[in-house]
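Only one structure is covered here, and it is reproduced in the block below.
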Amino acid sequence: MYFAALLARTEDGWEASDTELDDVETLSDLTDLARDASPDEDTVLVFIEQEDAWFGVVRVDGEDDPRIFVSDATAAARSSYGEILLTDELLGREPGAEDTIAALEELVGLDDSEDGGPDTAPDNTTDTDTDTDTDTDDDDGFDADVVPAGPLGDTRILADLGLPEAELLMLRTDALAEIADALGAAEVLETVR
């Protein structure tokens with residue numbers, strides 16, 4: 001189960017609103033959604049949480065580039081909302097690298113005109129079961145070597161708002177409530193939960 005909310009900092013304190021991410025397909029879409037929540041270009045935080053799996057925070061300050069923190073990149077990679085946050089830049093890849101890899105894999109598949117190539121190996125090979133297992137690991141579309149396990153992104157994303165880096169890295173379950181409490185926005189966040 002997912003929960004997504006926007007917290008916009010105003011002169012009167014934090015204002016919260018829940019948000020639907022159905023129409024959000026890219027980080028740019030998410031950034032635009034955040035900027036629309038604050039016409040005065042104040043700080044806006046976008047919270048995304050998948051219950052007991054991972055959470056993400058996107059911080060948008062006016063026209064600055066968004067800052068991103070994801071609590072568990074591997075778990076987020078298995079989520080359509082997580083994929084929005086795991087940009088090439090955040091993962092340390094060249095922009096478009098995933099598309100290039102997919103295109104190269106497709107070319108290799110096209111060049112291998114005999115899909116049964118591995119089946120021509122002698123039947124008495126004992127490694128056949130191991131090869132089959134490794135083929136199923138890529139079902140989620142992410143290579144485990146590309147997406148690091150654990151936290152990823154700007155660990156100081158909330159430091160100036162009252163949540164130090166060390167505390168952010170220790171958060172696990174019900175993290176958004178703890179973050180909102182540290183920011184002094186627990187009550188407004190609770191109204192949209």
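Ordered by 1.4 Å accessible area with all protein chains kept, 44, 192 run largest first as 192, 44.
On a per residue basis, the stretch 1-66 carries 54 Å² of accessible surface, using protein heavy atoms and a 1.4 Å probe. Taking all protein chains as they are arranged and a probe of 1.4 Å, the heavy atoms of residue 83 leave approximately 90 Å² accessible to solvent. What the Cβ-Cβ distance of residue 87 and residue 22 gives, at R0 = 25 Å and to the nearest 0.05, is a FRET efficiency of 0.80.
The values are calculated or read from the model by the stated rules, or taken from the named source; none is laboratory data. In this text the structure is predicted, and so the values were computed from the model without any measurement. Methodologically, a virtual Cβ is constructed for each residue, glycine included, from the backbone with ideal geometry; neighbour enumeration extends over all protein chains shown. Just the protein is used for accessible areas: all its heavy atoms, side chains included, with ligands, DNA and RNA removed. Shrake-Rupley method; radii C 1.70, N 1.55, O 1.52, S 1.80 Å.
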